[in-house]
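The values are calculated or read from the model by the stated rules, or taken from the named source; none is laboratory data. All of these numbers come straight from a predicted model, not from anything done at the bench. Quick reminder, even Gly has a Cβ in these numbers, built from the backbone with ideal geometry, and neighbours come from all protein chains shown. Heads up: the accessible areas ignore ligands, DNA and RNA and are worked out on the full protein's heavy atoms, side chains in. Shrake-Rupley method; radii C 1.70, N 1.55, O 1.52, S 1.80 Å.
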Amino acid sequence: MTAGTARAGLYCGILAAGIAAPLAFPSYTFQFAVLWIMILFALTWDILGGQMGYNSLGNIFFFGAGAYIGALVQIGLYYDVALYTASRGAILIDFSMRDYLTGLFLGILAAAGGATFLAVLFGRIVFGLRGPYFAIGTLGVALAAGELVATWDYVGGGGGISLPVYPGDPDDRSLLFYVLCFVSAIITYGVLRWLYTTRFGLALNAIRDDELKAEAMGIHTVRYKTVAWAIGAFFLGISGAIFGNMTGFIEPLEVAFPVATFGVFMVLMVLLGGKGTIWGPVIGAVLFHVIKEVTWTYLLGWQWVLLGALIIVNVIFFQQGIMGWVREKWPERFGVVVDRRTTIARSEDAA
């Protein structure tokens with residue numbers, strides 16, 4: 001079997017499993033949908049953290065921005081947003097199926113566009129920072145966003161905002177959002193896989209290896225960094241709009257801008273799977289989501305202890321991640337030719 005045939009078989013298997021999962025296990029449709037969001041999280045974080053070497057702690061900002069932008073578009077198309085989010089709850093929402101779907105898809109598009117715009121806007125500021133200062137700067141953006149939205153009464157403030165209720169059958173609703181999460185993650189993977197094979201991907205790797213040399217070679221590093229962040233923000237905005245509707249409620253600190261949970265999970269999943277690889281984030285997201293669901297279900301109260309232990313083990317013993325370890329163990333399977341005789345001879349000389 002050739003590598004191309006094996007790869008095609010793998011992709012077909014993943015697509016088949018993704019399509020069959022909610023049909024075979026309908027009780028776990030929500031959990032499967034969240035899994036695809038986790039994969040999207042990991043893939044988008046790796047654009048900067050793995051491919052470009054800029055460890056962002058604030059990518060969750062675009063997820064939250066997408067959730068709120070999507071909600072405001074959905075509601076604003078048919079109702080007064082300020083009246084809808086008023087603490088006295090003055091109106092009762094009643095959407096037709098056509099109105100609901102129209103608002104949902106326009107909200108997703110607006111969330112993608114709005115998050116991309118914010119990435120370009122803030123990119124001009126934060127990309128003046130490097131190293132740990134960049135990480136802290138992006139973290140500050142996410143934390144500030146959550147606090148500011150919590151004081152903005154127009155969108156419900158700290159009390160949050162309820163999303164329009166799906167007017168159809170609950171099972172159809174679950175399947176709809178599963179399909180949206182599934183398609184979003186697959187498209188994200190496809191776009192990034194193609195992108196990393198282009199000149200743009202080479203530029204990101206050049207910035208990661210040595211940014212000063214990349215600038216000396218004529219690479220407009222600020223432009224590439226901003227575009228890379230904007231690409232991640234585009235998909236994160238989509239996921240935020242979808243997730244807000246999945247949960248049916250958006251709250252600024254725990255749902256829209258959860259830095260201590262989703263924000264940390266993004267980084268951990270990539271580190272677990274392997275930075276700078278296309279499959280590492282996917283594998284890390286799947287493994288982490290399974291561990292998270294098992295511990296949250298059967299070891300409630302100890303889940304954060306186990307999460308902390310996983311981080312320690314990962315950082316101390318597994319810094320290269322799963323894919324990095326596999327590449328070191330079997331380099332030939334990744335197209336790396338190793339001269340075993342030379343390696344052995346050098347080892348004997350060193351001894």
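For the stretch 30-332, calculate the relative contact order in percent as a whole number, restricting contacts to Cα pairs under 8 Å that are 6 or more residues apart. Write down the numbers at each step before the final one.
Numbers: 471 pairs, mean separation 101.3, N = 303.
So the answer I get is 33 percent.
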Phi to ³J(HN,Hα) by Karplus 6.51 cos²θ - 1.76 cosθ + 1.60 over the stretch 176-183, Hz, x for Gly, Pro: 4, 6, 5, 4, 4, 5, 4, 5
Against the longest principal axis of the chain, how steep is helix 60-76, in degrees 0 to 90 to the nearest 10, with axes from Cα atoms? 30
What number comes out for accessible area per residue over the stretch 30-332 if the probe is 1.4 Å? Units Å², please. 45
Which of rounded, prolate or oblate describes the stretch 115-236 when judged by the alpha-carbon gyration tensor and an a/c cut-off of 1.5? oblate
Under 5 Å, built H, 5+ apart or other chain: amide partners of Phe249: Leu163
On the accessible surface of the chain, probed at 1.4 Å, how many percent belong to carbon and sulfur atoms? 67
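Tally Lys and Arg at +1 and Asp and Glu at -1 over the other residues with C-beta under 12 Å from the C-beta of Gln51: what net charge comes out?
Numbers: positive: Arg193, Arg208, Lys225, Lys275; negative: Asp46, Asp209.
Net charge in that neighbourhood comes out at +2.
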Just to confirm my numbers, what's the Cα centroid distance between the stretch 181-197 and the stretch 200-270 in Å? 14
Once you put a point 7 Å from the Cα of Ile316 and another 7 Å from the Cα of Glu254, both along the Cβ direction, what distance in nm separates them? 3.3
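Calculate for the chain the 222 nm mean residue ellipticity that helices alone would give, adding -39,500 (n - 2.57) per DSSP H run of length 4 or more and normalising by residue count, nearest 500 deg cm²/dmol.
Working: 15 runs with 247 residues, N = 351.
The per-residue figure over the chain is -23500 deg cm²/dmol.
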